[in-house]
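Undergrad: Dropping the structure in here first, questions after.
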Protein chains: 2
Amino acid sequence: MIHPTTHPESPESPKSPGGAGGAERTLVAELAERIGRRVTVAGWVQTLRLQSTMQFVLVRDHTGVVQVTHRKGADELTALLEGLTTESAVRITGRVVANPVVKLGGLELLPESVELLNRAAGPLPIDEHSGPEPRLDWRFLDLRRRPAARLVFAVQSTFEQGMREYAYGAGCTELHTPKLMGTASESGAEVFRLDYFGGSAYLAQSPQFYKQMAIAGGIDRVFEIGPVFRAEPSYTSRHATEFTGVDVELGWIEDVEQVQRFEEEMIAHALALVAERHGEQIREQYGVEVRVPSTPFPRVTMEQAQQLLRGELGWDPEGAKVDLDPEGERALSAHILRETGHEFVFVTHYPASIRPFYHARPAGRPDLTLSFDLLWNGLEVTTGAQREHRYEVLVEQAAEKGMDTAPLTDYLNCFRFGCPPHGGFGMGLGRMLMALLGLGSLREAVFLFRGPNRLTP
Amino acid sequence: MIHPTTHPESPESPKSPGGAGGAERTLVAELAERIGRRVTVAGWVQTLRLQSTMQFVLVRDHTGVVQVTHRKGADELTALLEGLTTESAVRITGRVVANPVVKLGGLELLPESVELLNRAAGPLPIDEHSGPEPRLDWRFLDLRRRPAARLVFAVQSTFEQGMREYAYGAGCTELHTPKLMGTASESGAEVFRLDYFGGSAYLAQSPQFYKQMAIAGGIDRVFEIGPVFRAEPSYTSRHATEFTGVDVELGWIEDVEQVQRFEEEMIAHALALVAERHGEQIREQYGVEVRVPSTPFPRVTMEQAQQLLRGELGWDPEGAKVDLDPEGERALSAHILRETGHEFVFVTHYPASIRPFYHARPAGRPDLTLSFDLLWNGLEVTTGAQREHRYEVLVEQAAEKGMDTAPLTDYLNCFRFGCPPHGGFGMGLGRMLMALLGLGSLREAVFLFRGPNRLTP
């Protein structure tokens, strides 16, 4: 009784999810290789053209669309097709035939049996004229009906895979740090508070402190890809209250350059994989050419960037801005692209006044930090730095920022018992996809967007 | 100015994090290949033996421990070594020499220069006699000093890599679903509430609803590895308020068997990778032999399991229990191991009364579900099921459970417009590591444990 039946299909090729009982599923993209054969296709009714003598049903799966063609008769099939609705889920068995007249790949499916798996109600709540908010409300329908919208996640998957490949190869351990924190330590202002068994907990704004703990814990190099939370009431196209962060931290570094080298090589490696797998689809769907960047990326110091922006590019004529704003970032990026042909640029040596207390500072320059941002096509996609690893200096820098060190006790303790030099960076995954695909908003770059006004679906 | 200097070391071999300025770091594990050569080692002072004529310093990095041997003199080096403290971070350059008397690999390092990177304060807050709670309080020190504790994360990294490899190969897209939800939909009782811009949000107990939305959204197969949150006041060795879930959902399935086949093949693939890379270390550190399971795993129905447990195994003599308790799970697992030699067993067809409303039910058996748990070495590590994909049936099942469907609106809407049959499972990553390494508590299987009484460090 405890011995199961053997598998009728090889578990080594789980691409076709045909189960034990049914016929093996053929994906629409595979039909061209099956002309003249009987296949089973499973997908959604994209379009119904029910004419007086002919019935045409366009069926979509995640790989494409096929025309199902049936001559009307007194048969059961005719009645079944007549009763279909747009977006119903169907499984259709029939013969694949070549037909040069058919636009969808010059082939069609002549149905022998149709199984209505789930009938869609009508009318559909959104259509191709719907605005962005209704599309977000009905995100699943919008994704299902727009291959370009779904492509984002195939690309994201590959991009992550490429980054992980690089990180593993470079000796990193993948980590899962807590999102629940006992104190609002990093910066109280933008932290979500939650009820926690009669007390309070806080949601981590980043794995920053925890990944540094891992380095202090003797895990040589770490990375994490996971959610981060920001209680910022920001309503821009590039902010969210929850997004996916890619965090890396490297122990025993000699300088911050090492961190930048790691990042540029990781990105180049991942983009090569994206270009190889999705380059053609990205061109078709977004009109964008994926360019695998050469390394090293260009680097400018913040001081150089500001000189350049104020001098040649007419930015901030009042000379009031300490940090780059989105306009400055776009202007700088565009300049670098013109001068070097490079879509990426590291801006380094940010003033200490606009960086967190834990960024290390160059010897003799307490006004600067050993930090960087990475811009890609005008968008800030990363912040990184060497961390201050000496307890006394760290405490001094926190005091200088006027921080209360009591909630920082666990963090600061990591530096009292021999924490080595280290550094790392945090990257916004959605922003990377925006920059890569030229998306106008983070809303299109994430599966289900979360903002101050949006917690659904 | 925007052209950086070229790299002095190949970015293709970033294993040795020696920076631009310093000597390349040699890992302790690599020293045996460098006998007679000058190297730079970076690590922590594990032990100091400062004798009248000789100074012995054991230095540990993440790959091993090496003895540094210096004959005392009037030199600067002698003074520097004399001033070291346990757990200080040091960088030492010297010559590797063979010395059969030395226990640590029959070699030692004769130092030429020592750099004190960060001096550790003393005394250390924990030692080898410290109990579990102080160890958790000082987790970073405990990890740094115990290779067995760190091995957990190397194994976890490899295990995840193996699972991802399988999932990608099987056509899955990696997904990041929101952890912030607008309603406490899945089950109100065990959900954390947080302040959200003057209102409330809730933390996702699992990606369950969202991964189903992805299937309805035409993403054929999805997986996610990310945090899940449970507001349960459970104080057992296998519960946490936050843990890492591995979630898979497969669209267009024919039956729940397909989901089980996916899971067993994924686990077998991942364990083969773990055995290959870490089998020897796991044997050394935990005395455990990693066994790559054969597939298919044994399967018993819940009814069969209960008969077996009550009949042969003396479980629940009162006959009162509908679900298996941990004792029953251990007894069943032990029985299967004796009978089949298999560490895994699927328990299937759970009663509908103890399963969520969205589990599908077999035709004609509304009292059962098409669901399963997976037990590994007596521990429940997974729950899975085919999902009910028909809107009317789903609403009926929710009503039968007495659920308020208003907060479920967005979820239920996914089923109104042609949602295909689908199924999936959720696995606790920490529990997998417990079962694999024979750990006594989830606290040892996660980087930083979170429970009702623990939100730090």
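The numbers here are math on the coordinates, done by the rules we state, and not lab data. Just so it is clear, the structure is predicted and the values come from calculations on it, not from any experiment. Here Cβ is always computed from backbone atoms with ideal geometry, including for glycine, and neighbour counts include all displayed protein chains.
Undergrad: Which ³J(HN,Hα) values in Hz, rounded to whole numbers, follow from the phi angles of region B:158-170 under the Karplus curve 6.51 cos²θ - 1.76 cosθ + 1.60, where θ = phi - 60° and Gly and Pro get x?
TA: Values, residue by residue: 5, 4, 5, 4, x, 5, 4, 3, 5, 5, 4, x, 8 Hz.
Undergrad: Can you pull out the GluC sites (Glu not before Pro) in region A:243-323 that DSSP calls coil and that have at most 13 other Cβ atoms within 10 Å? Don't skip to the end; give the middle numbers.
TA: Values: sites: A:249, A:254, A:257, A:263, A:264, A:265, A:276, A:280, A:284, A:289, A:303, A:312, A:318; in loops: A:254, A:289, A:312, A:318.
Filter output for region A:243-323: A:289, A:312, A:318.
Undergrad: Under the Karplus relation 6.51 cos²θ - 1.76 cosθ + 1.60, θ = phi - 60°, what is the ordered set of whole-Hz ³J(HN,Hα) values for region A:439-450, x standing for Gly and Pro?
TA: 6, x, 8, 4, 4, 7, 9, 10, 5, 10, 5, 10
Undergrad: I would also like to ask the following. Given a cut-off of 20 Å, name the pairs among A:179/A:211; A:401/B:179; B:179/B:401 whose C-alpha atoms lie farther apart than that in the structure shown. Before the final figure, lay out each step's value.
TA: On the way: A:179/A:211 12 Å; A:401/B:179 32 Å; B:179/B:401 25 Å.
Table pairs above 20 Å Cα-Cα are A:401/B:179; B:179/B:401.
Undergrad: Could I ask something else about it? Could you compute the FRET efficiency for residue A:313 and residue A:354, with r as their C-beta to C-beta distance and R0 at 25 Å, rounded to 0.05?
TA: On the way: r = 20 Å, r/R0 = 0.82.
Between residue A:313 and residue A:354 the formula returns 0.75.
Undergrad: For residue A:328, what charge total do you get from the other residues with a beta carbon under 9 Å from its beta carbon, if Lys and Arg give +1 and Asp and Glu give -1? Please list the in-between numbers first.
TA: Working: positive: A:321, A:330; negative: A:316, A:323, A:325, A:327, A:329.
Cβ neighbours under 9 Å give a net charge of -3.
Undergrad: Would you kindly give the portion of the calculated P(r) for region A:28-118 that falls above 14 Å, as a percent of all Cα pairs?
TA: On the way: 2451 of 4095 pairs.
Beyond 14 Å sits 60 percent of the P(r) for region A:28-118.
Undergrad: Just to confirm my numbers, what's the Cα centroid distance between region A:24-50 and region A:95-152 in Å?
TA: Region A:24-50 and region A:95-152 have Cα centres separated by 13 Å.
Undergrad: Just subtract the alpha-carbon distance of residue A:321 and residue A:281 from 0.36 nm times their residue separation and send over the number in nm, one decimal.
TA: Values: separation 40, 0.36 × 40 = 14.40 nm, distance 4.08 nm.
So the chain would gain 10.3 nm between residue A:321 and residue A:281.
Undergrad: Let me ask another. How many Cβ atoms of partner chains, on average, are near each residue of A:336-345 if near means within 10 Å of its Cβ?
TA: Details: counts 1, 0, 0, 3, 2, 0, 1, 0, 0, 1.
Partner Cβ neighbours, averaged per residue: 1.
Undergrad: Okay, next question. Taking each residue in A:117-126, count the Cβ atoms of any other chain within 10 Å of its Cβ, then average. What number comes out?
TA: Details: counts 7, 11, 5, 6, 6, 2, 0, 3, 3, 0.
Whole-number average of other-chain Cβ neighbours for A:117-126 is 4.
Undergrad: Here is a follow-up. Amide H to amide H, which residues 5 or more places from residue A:99 or on other chains are under 5 Å from it, using H placed in the peptide plane?
TA: A:107, A:108
Undergrad: Something else now. If r is the Cβ-Cβ distance from residue B:32 to residue A:76 and R0 is 56 Å, what FRET efficiency results, to the nearest 0.05?
TA: On the way: r = 76 Å, r/R0 = 1.36.
That gives a FRET efficiency of 0.15.
Undergrad: Something else: Given the rule -39500 (n - 2.57) for each run of at least 4 DSSP H residues, summed and divided by the residues of chain A, what is its mean residue ellipticity at 222 nm, to the nearest 500 deg cm²/dmol? Kindly include the intermediate steps, with their values, before the conclusion.
TA: Working: 11 runs with 132 residues, N = 457.
Helices in chain A give a 222 nm mean residue ellipticity of -9000 deg cm²/dmol.
Undergrad: Suppose every K and R has +1 on its Cβ and every D and E has -1 on its Cβ; what is the size of the dipole of region A:28-118 about the Cα centre, in Debye to the nearest 20? Working shown, then result.
TA: Working: 10 positive and 10 negative charges, 51 e Å.
Charge dipole of region A:28-118: 240 debye, to the nearest 20.
Undergrad: On a C-alpha basis, how far is the centre of region B:334-355 from the centre of region A:314-370 in Å? Whole number, if you could?
TA: Using only Cα atoms to place each centre, the spacing works out to 59 Å.
Undergrad: If amide H atoms are built 1.01 Å from N in the plane of the peptide, which residues on other chains or at least 5 residues away come under 5 Å of the amide H of residue A:46?
TA: The list, which skips near neighbours in sequence, is A:58, A:59, A:60, A:87.
Undergrad: Counting Lys +1, Arg +1, Asp -1, Glu -1, what net charge surrounds residue B:380 among other residues with beta carbon under 9 Å of its beta carbon?
TA: 0
Undergrad: Work out the FRET efficiency for residue A:405 and residue A:165 from their Cβ-Cβ distance, taking R0 = 35 Å, and round it to the nearest 0.05. Spell out each step's value before the answer.
TA: Values: r = 40 Å, r/R0 = 1.13.
Working from the Cβ atoms, E equals 0.30.
Undergrad: If packing is taken as the average number of other Cβ atoms within 10 Å across a peptide's residues, how do B:231-241, B:124-134, B:323-333, B:201-211 rank, most packed first? Intermediate values should be presented prior to the final figure.
TA: Values: B:231-241: 16.8, B:124-134: 12.2, B:323-333: 18.5, B:201-211: 23.7.
Ranked from most to least packed, the peptides come out as B:201-211, B:323-333, B:231-241, B:124-134.
Undergrad: Let me ask you something else. In percent, how large is the relative contact order of region B:28-118, given Cα pairs closer than 8 Å and 6 or more residues apart? It would help to have the intermediate numbers written out before the result.
TA: Working: 206 pairs, mean separation 29.0, N = 91.
After rounding, I find 32 percent.
Undergrad: Which of the aspartates and glutamates could a cross-linker span from residue A:321 if the Cα-Cα distance has to be under 13 Å and same-chain partners fewer than 8 positions apart are dropped?
TA: A:303, A:329
Undergrad: Which whole-Hz ³J(HN,Hα) couplings does region B:336-348 yield from phi under the Karplus relation 6.51 cos²θ - 1.76 cosθ + 1.60, θ = phi - 60°, glycine and proline marked x?
TA: 4, 4, 4, 6, 10, x, 9, 7, 10, 8, 8, 9, 10
Undergrad: Tell me which residues come under 5 Å, amide H to amide H, from residue A:451 once H is placed; ignore anything under 5 positions away on its chain.
TA: It is A:241, by chain and number.
Undergrad: For region B:144-271, what is the convex hull volume of its Cα atoms per residue in Å³? Present the calculation step by step, with values, prior to reporting the outcome.
TA: Numbers: hull volume 20.0 nm³, N = 128.
So the per-residue hull volume is 156 Å³.
Undergrad: I would also like to ask the following. Determine the distance separating the Cα centre of region B:228-292 from the Cα centre of region A:222-245; give it in Å without decimals.
TA: The distance from the Cα centre of region B:228-292 to that of region A:222-245 comes to 28 Å.
Undergrad: Mind checking B:242-253 for the average number of partner chain beta-carbons within 10 Å of each residue's beta-carbon? Don't jump to the answer; show the numbers that get you there.
TA: Details: counts 5, 2, 3, 1, 0, 0, 0, 0, 2, 5, 13, 4.
So the per-residue partner count for this stretch is 3.
Undergrad: Can you pull the Kirkwood radius for region B:140-444, inverse mean 1/r over Cα pairs, to one decimal in Å? The partial results should precede the final answer.
TA: Working: mean 1/r = 0.0492 Å⁻¹.
One decimal place: 20.3 Å for the Kirkwood radius.
Undergrad: How big is the C-alpha Rg of region A:292-347 next to the rule-of-thumb value 2.2 N^0.38 Å, as a ratio?
TA: Details: Rg = 11.2 Å, N = 56, 2.2 N^0.38 = 10.2 Å.
Compactness ratio reported: 1.11.
Undergrad: Okay, moving on. Equivalent-ellipsoid semi-axes (√(5λ), Cα gyration tensor) for region B:338-457, whole Å, largest first?
TA: Working: eigenvalues 206, 86, 29 Å².
Values for region B:338-457, descending: 32, 21, 12 Å.
Undergrad: Still on this structure, please answer the following. Rg/Rh for the protein assembly as shown: what does it come to with C-alpha atoms and Rh from Kirkwood?
TA: Values: Rg = 29.4 Å, Rh = 29.8 Å.
Rounded to two decimals, Rg/Rh equals 0.99.
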